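Below is one structure; the comments refer to it alone.
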Amino acid sequence: MNATLESLTTGAQVGVVLPLLTAVVQRPAWSVKAKKVVAVVAALVAGVVAVAADGGWDQFQHGHLTAATILGVLAASQTSYDLVWKPSKLAPWVEALTTRKTPHQAE
């Protein structure tokens with residue numbers, strides 16, 4: 001397998017599970033814009049971590065491979081959220097489950 005395809009595959013694998021991890025941080029009361037910003041920043045950070053984990057910090061010398069991995073994470077996370085995690089209600093459920101309720105909300 002060539003290096004670009006491996007980078008895209010790594011990015012896609014990370015991106016598919018990222019929405020569930022992002023849902024732990026996000027809150028149901030947040031605006032759509034705030035949730036989108038958190039999701040994009042999380043994808044960028046996860047992409048950088050995936051590049052470093054796959055090839056070490058020296059991997060960043062290869063700009064096209066780094067970009068392919070990061071963009072793969074971003075594309076896969078947004079797509080899997082829209083097509084799998086949101087319709088299945090799993091990501092919104094995780095958001096609700098991990099949101100702390102104040103004593104006033106618990107009543």
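The values are calculated or read from the model by the stated rules, or taken from the named source; none is laboratory data. All values derive from a computational prediction rather than experimental measurement. Cβ: placed from backbone, ideal geometry, glycine included. Neighbour counts: every protein chain shown. Each accessible area value is taken on the protein alone, full model and side chains, heavy atoms only, with ligands, DNA and RNA left out. Shrake-Rupley method; radii C 1.70, N 1.55, O 1.52, S 1.80 Å.
Solvent exposure of the chain, expressed per residue, is 64 Å² of accessible area, with all protein chains present and a 1.4 angstrom probe. Here the contact order of the chain, divided by its residue count and restricted to Cα pairs under 8 Å and six or more residues apart, works out to 44 percent.
In the chain, a dipole from Cβ-located charges (positive for Lys and Arg, negative for Asp and Glu) runs towards its positive end, and of 3, 14, 63 it is 14 whose Cα lies farthest in that direction. When 21, 74, 5 are compared by accessible surface with a 1.4 Å probe, the order from highest to lowest is 21, 5, 74.
Expressed as a whole percent, the accessible area of the chain that falls on carbon and sulfur atoms is 68 (1.4 Å probe). FRET efficiency for the pair residue 48 and residue 24, taken as 1/(1 + (r/R0)^6) with r the Cβ-Cβ distance and R0 = 30 Å, rounds to 0.95.
Full extension from residue 38 to residue 101: what is 0.36 nm times the residue separation minus their Cα-Cα distance, to one decimal in nm?
The residue 38-residue 101 span can extend by a further 20.6 nm.
Protection proxy ranking of 12-19, 75-82, 32-39, by the mean of other Cβ atoms within 10 Å over each peptide's residues and highest first, is 12-19, 75-82, 32-39.
Classified by the C-alpha gyration tensor, the chain has a prolate form. Its axis ratio a/c, with a ≥ b ≥ c, is 1.5 or above, and a/b is larger than b/c. A Förster radius of 22 Å combined with the Cβ-Cβ distance from residue 5 to residue 58 puts the calculated FRET efficiency at roughly 0.65.
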